[in-house]
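Report on the structure given below.
Each reported figure results from applying straightforward, stated rules to the coordinates on display, with no laboratory input. Only a predicted model underlies this, so the values are computations on that prediction, with no experimental measurement involved. Glycine also receives a Cβ, built like all others from the backbone with ideal geometry; neighbour counts cover every protein chain displayed.
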Amino acid sequence: MKISPVRKYLREDRLPTIFCPGCGVGMIINATITALDQLKIDFKKTVMVSGIGCAGRIPGYIKVDSLHATHGRAIAYATGIKLANPELNVIVFTGDGDTGAIGISHFVHAARRNIDIKVICVNNLNYALTGGQFSPTTPKGAWTYTSPYGNIEGFFDLCELAVAAGASYVARWTVREIFSLVRSIKKAMKKKGFCFIEVISPCPTNFGRRNKMETSQELIRFFKEREISVKDAQGLSREEIRGKLIIGEFIDRELPEYTETYKELILVSQKRFKEPEKPGLAWIELEIRY
Amino acid sequence: MNNQKRKIDFLQGNDAIVEGAILAGCRFFAGYPITPSSEIMESMAKKLPLIGGVFIQMEDELGSIAAAIGASLTGLKAMTATSGPGFSLMQENIGLAIMCEVPIVIVNVMRGGPSTGLPTKASQADIMQTRWGHHGDGEVIALAPWSVQECLDLTIKAFNLAEEYRTPVIVLSDAILAHLREVVTIPNPEEIEIIERKRPKTPPEEFIPFKADETLVPPMAVLGEGYRVHYTGLSHDEHGYPTDDPENYRKLIERITAKIRKNADKIVSWDTKYIEDAELVLISYGSSARAALQSCIEARKQGYNVGFLKLTTIWPFPEKTVKKIAETVSKMLVLEQNMGQVVHLVKEATEGKAEVEFYSKVGGEPFLPQEILKQIRRIMK
């Protein structure tokens, strides 16, 4: 029997996982580890941080230093870890609730700082671990326990938000595009800056089942029918892309990274200012910058 | 005695806290501006880069404490500082630090509440929040300085206790101490006792991250050293893995509670004056204790046999000390700037052995010795 190369990176003593049959998380774990393995990233120097929800359980199954933190705060914990030891590779797994609702401020501000953290957001379109309530990314009209007459709120485009906030690299895939996902994770790992990868993931148990999609296959078909690439979406009006799921790379740019700039600040403070209180620090221009 | 001359400075309480933190080895600070604690973060912003430390202003207090806990996991000594409303926001993550046993120091410069309350004026109304603010069981350690010197000394002690017991330690200052300026002696680094967290002695493959010896405090690995520790706020076993097994949970909660409770005698500190012949003992802490001592001295001049107990450790509560004093005096008067918090602890500790009176002053103004004297006369007439 051929054993998956991913397996050696798992905490085998913790298997089986808590994830339901048909859940997309397994594919995302597989894609992440594959990307790290292909890049020969040192797992000893890698820290995985997560919040609460199904995605929050991911780091606990991988043989790395990991922190399963409080709901929404994973990126804030990761910010402290990365700043305290910039040598570490810091990967954060969040869910749509962590990123789009309770922890949205940390997400936006980590992107604004452009701190070198890689966020993989498992968007399963609902609060699944609590039994299936609507989240900021639940499609309009969907049935959940807290939208028993259909969800009246709109889908939150987390990728657009990350771009606006200043992230270095932003991409969205569904679990259908697993090779693109691996490529994106590899790209993100090589990049110095805040990277956000959103993965639309099937949740047959709590989302699909209640919206006439009993299996992952049906959910994946649901994604497929709505997918449109970033390229194809360009030039289309808001009306024309309504109801579409835009996938691909939203941005890939070089921007100053926070821990690097902080190192510079330390040097400047030590060399040039015994008392860093004088205005007009010449090493950073006064500007309003987006 | 050290030959090298100690530095004498004239500082406000908030700055003395920063001096103490840096002497204790604090190299990471995350915070969010809030009156009356902001000078702590301003001073950290200025000083930490100069010694290669990390300062970050986060987007809120939830993020501040989270970043500080994250930094502590990498082995740095980390701190955050806030005041009432911000302290409330930190509670959930204080719970995580208790559960995952992460050393961290939190300064709460108490101001009047509830809600926005009295941002620029003092109170002592966060005593119970400090202990019971996070949900669930678990213990914290809290120290209350009464002078600018103690702001410095107790911050050093807070870091030592956090490292020794792998737990959050809270420094309970208040708006009076924050901006009070006094002469402070800054100790030389070599004369300070610094305690560092226990590190694993076993190689990674043999290391069981939450298995404690008789001290009940397990050694702590640093992220990135290959120990591959999993930290979770969930109930976890000795390996750090989540489990909802009732027996396991009971053992975990018992251990993280006992590591503080069983060591309470070692942790607690207090000061007494004129206790020997006292009929009435004034009990106070923080800035209120200053007026209490003054009134005690005045009362003795007027012939009243009054004693004084200043609580330095609030949590764990020095109940044995209070009980012992209650056995020798007939009356106690608790003085605090709230509607009654420590007074309940005193009543519980005295077990009815002494009559416990309570006098409070809320409104942000400090106690005046004359006001307390009036109470002393009323009680002792």
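Quick notes on this one:
- Annotation for segment A:172-246 versus segment B:109-156: alpha-carbon center distance of 47 Å.
- Dimensions in Å of segment A:7-255 - Rg and Dmax from alpha carbons: 16.9, 51
- FRET efficiency, residue B:194 to residue A:239 (Cβ-Cβ, R0 60 Å, nearest 0.05): 0.40
- Within a Gaussian network of chain A (alpha carbon springs, distance under 10 Å), most fluctuating of A:70, A:261, A:215: A:261
- Three-way shape label, segment B:238-303, alpha-carbon gyration tensor, a/c 1.5: prolate
- Looking at segment A:158-247, the GluC sites (Glu not before Pro) that sit in a DSSP loop and have at most 16 other Cβ atoms within 10 Å of their own Cβ are A:214, A:239, A:240.
- Charged-residue dipole, Cβ positions (Lys, Arg, Asp, Glu), segment B:7-191 about Cα centre, Debye nearest 20: 220
- Gyration tensor verdict on segment B:101-219 (Cα atoms; rounded if a/c is under 1.5, prolate if a/b is larger than b/c, oblate otherwise): oblate
- Residues considered: B:103, B:366, B:114. Largest GNM mean-square fluctuation over chain B, using C-alpha springs under 10 Å, is found at B:114.
- Taking θ as phi - 60° and the Karplus parameters 6.51, -1.76 and 1.60, the scalar couplings of segment B:154-167 work out to 6, 5, 4, 4, 4, 5, 4, 5, 4, 6, 5, 9, 6, 8 Hz in sequence order, x denoting glycine and proline.
- Antiparallel bridge percentage (DSSP; both residues within chain B; nearest 5): 30
- Theoretical gain in end-to-end length, residue A:192 to residue A:13 [0.36 nm per residue, Cα-Cα removed]: 61.1 nm
- Taking amide H atoms as placed 1.01 Å from N in the peptide plane, the amide H of residue A:10 lies under 5 Å from those of A:63, each 5 or more residues away in sequence or on another chain.
- Largest-first principal axis extents of the Cα set of the protein assembly as shown (Å): 91, 59, 53
- Distance from segment B:50-98 to segment B:262-302 (C-alpha centre basis), Å: 33
- Residue mean of other protein chain beta carbons inside 10 Å, B:43-52: 4
- Each 10 Å bin from 0 upward holds the following percent of the Cα-Cα pairs of segment B:263-381: 15, 51, 31, 3, 0.
- Kirkwood hydrodynamic radius (C-alpha pairs) into Stokes-Einstein, segment B:9-74, 25 °C and 0.890 mPa s, D in µm²/s: 204
- Antiparallel DSSP beta bridges within segment B:55-196, percent to nearest 5: 10
- By DSSP, the beta bridges lying fully in the protein assembly as shown are antiparallel in about 25 percent of cases.
- Projecting the Cα atoms of A:215, B:345, A:133 onto the charge dipole of the protein assembly as shown (Cβ charges, centred on the Cα centre) puts A:215 farthest toward the positive pole.
- Segment B:7-191: C-alpha gyration tensor shape, a/c 1.5 cut-off, then a/b vs b/c: rounded
- Within 10 Å of each Cβ in B:70-78, the average number of Cβ atoms from other chains: 6
- Average partner coverage of B:218-225, which counts Cβ from other chains inside 10 Å: 4
- Among B:75, B:364, B:226, residue whose mean-square fluctuation peaks in a GNM of chain B (springs only between Cα atoms under 10 Å): B:226
- Shape box of chain B [Cα atoms, principal axes, largest first, Å]: 70, 48, 48
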